[in-house]
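The structure appears right after this line, and notes come after that.
The values are calculated or read from the model by the stated rules, or taken from the named source; none is laboratory data. Here the structure is a predicted model, which means the values were calculated and not measured. Reconstructed Cβ throughout: ideal geometry from the backbone, glycine too, with neighbour counts over all protein chains shown.
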């Protein structure tokens with residue numbers, strides 16, 4: 001699935017109430033869905049180990065906010081791959097819309 005990367009929140013050793021240590025980043029993105037007017041907004045946590053396996057870092061993601069990313073899902077809606085599809089689309093502090101034509105149905 002292709003999506004627009006809209007935010008990255010890094011967790012550098014943050015400690016949860018249950019003692020679990022988060023070391024990774026939450027990635028926020030928007031994507032087209034025919035069932036939704038507008039776009040779906042979602043966010044998923046990626047551990048450092050997962051990002052390393054995907055060949056991407058939170059720094060790379062942060063530097064490419066506004067870019068198109070590819071997200072691959074496996075069983076149980078678990079992310080099994082993330083990659084950058086296009087370069088950053090920031091232009092003078094504003095973000096241009098990315099046309100997700102791959103995800104859109106023909107309206108003919």
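Residues of segment 65-108 that are closer than 10 Å to residue 4 by Cα, assigned to a loop (DSSP other than H, G, I, E, B) and modelled with pLDDT of 85 or more: 65, 66, 67, 85. Which pairs turn up if I take residues in segment 13-42 that are more than 18 Å from residue 56 (Cα to Cα) and look for partners that are in a loop (DSSP other than H, G, I, E, B) with beta carbon separation below 6 Å, at least 6 apart in sequence or on another chain? Once the first residue is more than 18 Å from residue 56 (Cα to Cα) and sits in segment 13-42, its partners that are in a loop (DSSP other than H, G, I, E, B) give 32/100; 32/103; 32/104; 34/105; 40/33.
So that you can scan it fast, the table gives a plain yes or no per residue for (1) surrounded by 13 or more Cβ atoms within 10 Å (Cβ to Cβ); (2) under 15 Å from residue 12 (Cα atoms); (3) out of contact with any helix residue (DSSP H, G or I) (no Cβ under 8 Å at 6 or more places or on another chain):
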position: 49; (1), (2), (3): no, yes, yes
position: 56; (1), (2), (3): yes, no, yes
position: 62; (1), (2), (3): yes, yes, yes
position: 65; (1), (2), (3): yes, no, yes
position: 72; (1), (2), (3): no, no, yes
position: 76; (1), (2), (3): no, no, yes
position: 79; (1), (2), (3): yes, no, no
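Screening residue 51 on (1) part of a helix (DSSP H, G or I); (2) at pLDDT 95 or above shows it passes everything except condition (2). Just one residue in the set 24, 43 is surrounded by 12 or more Cβ atoms within 10 Å (Cβ to Cβ) and touching a helix residue (DSSP H, G or I) at 6+ places or on another chain (Cβ under 8 Å); that residue is 24. Taking the conditions (1) assigned to a strand (DSSP E or B); (2) in contact with a strand residue (DSSP E or B) (Cβ under 6 Å, 6 or more places away or on another chain) in turn, residue 61 satisfies each one other than (1).
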